Amino acid sequence: MQILTVTTAKNELSTYAPEAINEGAKKLLLNSKSSNTKLAYKKQVSYFCMWCKTEGINFAVNYSDTDITVTGLDDLKPTHIANYVSYLVSTGKTSSTIVSTIAAINSVTIPFDYAPAKTHLVKTVVEGAKRTIGVAPQKAKAINPNEITLNLNTIKQHYPNEAIQLRNTALLLLGFVGAFRRSELVSLKVSDFQIVDTTKATFYIAKSKTDQTGKGDFKPVERSSVKQACAINAVQNFIAFAGLGKDDYLFPSIHKSGKVQTKPLSGKDVSLIVKTVLGTDFSAHSLRSGFVTECSRRGKTIAEIKAVSLHKTDTVVMGYIQTNDKLKCAFDIFS
């Protein structure tokens, strides 16, 4: 567990003393975000600190396994953060990156009851950045079933190792038919996979992007009549070949020698597998987007899609659909 401490630029006790909240409360603050979010915040804060150094601003944050040390909090002003937002805009950063950067800065200042990034000045500058850049996200290109099956036929060309072939085949098929996020895929363990009957299986998601408190949920997956495209078969084949136990990760790292490791794949590994096998036009999110788009094309309802994708709102699901079927929603209200 990391501990937050704060000093001045001269390594003296800061005005914003650690006593602002107790150590227990600070630990709870640090544990309020997922591991992936904390890793992203660390990267954004590091970039901000590098910029501060070049600008002569005495603010720094140092991370270790046990501590997060904030130096020079007294010297950090709202104007510095506003100027950094301007810098991010000038370097072509997206609105989402700027918003996440502000959240990252807040994560290391708010524990000391100081929030320069929450001032009216910074909020107004961020709104101006959004209007300047635009806030429409770049959507991952949706992939369709034919593209997956055709490319999976060539998987041996990319991976000579049979264990890796079987793992990646299972990962891509399951990622598509279950509308999985990459973080959900790499967190799966063999025990999360349960056969329901001859036609269906479920995969337990202990925690996801929209379930940060770990309530948990199940994704239903149906067995495909097309043998080479059946995610359930592919998962069973890999488990048997790799000799995985119930406590093992479903998609573990595999050494080039073929030895299965105890640690799971990372989210970046999933992205690389998608691009290697399916093509550089696609990303890991293309599997999820492709599922929603294909379901829409086949006339599935929003409720049916959400039962698998576990989206929380209809609006988000509609945003994933990359098809002209939306045009059918238009009608003459005066007729």
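The values are calculated or read from the model by the stated rules, or taken from the named source; none is laboratory data. Note that this is a predicted model, so its numbers are computed, not measured. For neighbour counting, all protein chains shown are included, and Cβ atoms are generated from backbone atoms with ideal geometry for every residue, glycine included. Surface areas here come from the heavy atoms of the whole protein model, side chains and all, with no ligands, DNA or RNA. Shrake-Rupley method; radii C 1.70, N 1.55, O 1.52, S 1.80 Å.
Worth a mention:
- Out of VAL186, VAL177, VAL235, sole residue that is closer than 28 Å to THR276 by Cβ and either open to solvent by 70 Å² or more (accessible area, probe 1.4 Å) or touching a Gly at 6+ places or on another chain (Cβ under 8 Å) (or both): VAL186
- Annotation: VAL186 fulfils all but one of (1) touching a helix residue (DSSP H, G or I) at 6+ places or on another chain (Cβ under 9 Å); (2) more than 15 Å from PRO264 (Cα to Cα); (3) among the β-branched types (Val, Ile, Thr); the unmet one is (2).
- Test result for VAL125, crowded, with 21+ Cβ neighbours inside 10 Å, out of contact with any His (no Cβ under 7 Å at 6 or more places or on another chain) and outside any helix (DSSP H, G or I): no
- Output for region 46-68, where each listed residue is without any contact (Cβ under 8 Å) to a residue 12 or more places away in the chain and either buried (at least 16 other Cβ atoms within 10 Å of the Cβ) or not hydrophobic (A, V, I, L, M, F, W, C) (or both): LYS53, THR54, GLY56, ASN62
- A single member of VAL108, VAL89, VAL85 is open to solvent by less than 40 Å² (accessible area, probe 1.4 Å), part of a helix (DSSP H, G or I) and over 30 Å from GLY24 (Cα atoms), and it is VAL85.
- Assessment of region 92-104 against the conditions (in contact (Cβ under 8 Å) with a residue 60 or more places away in the chain, in a helix (DSSP H, G or I) and aliphatic (A, V, I, L, M)) yields at least one matching residue.
- Within region 128-140, the set of residues being modelled with pLDDT under 80 and buried (at least 17 other Cβ atoms within 10 Å of the Cβ) comprises just one member, ALA140.
- Taken together, THR119, THR109, THR94 contain a single residue that is out of contact with any Ser or Thr (no Cβ under 9 Å at 6 or more places or on another chain), under 30 Å from GLY175 (Cβ atoms) and not acidic (Asp, Glu), which is THR94.
- Scan of region 248-293 for residues that are basic (Lys, Arg), touching a residue at least 24 places away in the same chain (Cβ under 8 Å) and not in a helix (DSSP H, G or I), ordered by number: LYS256
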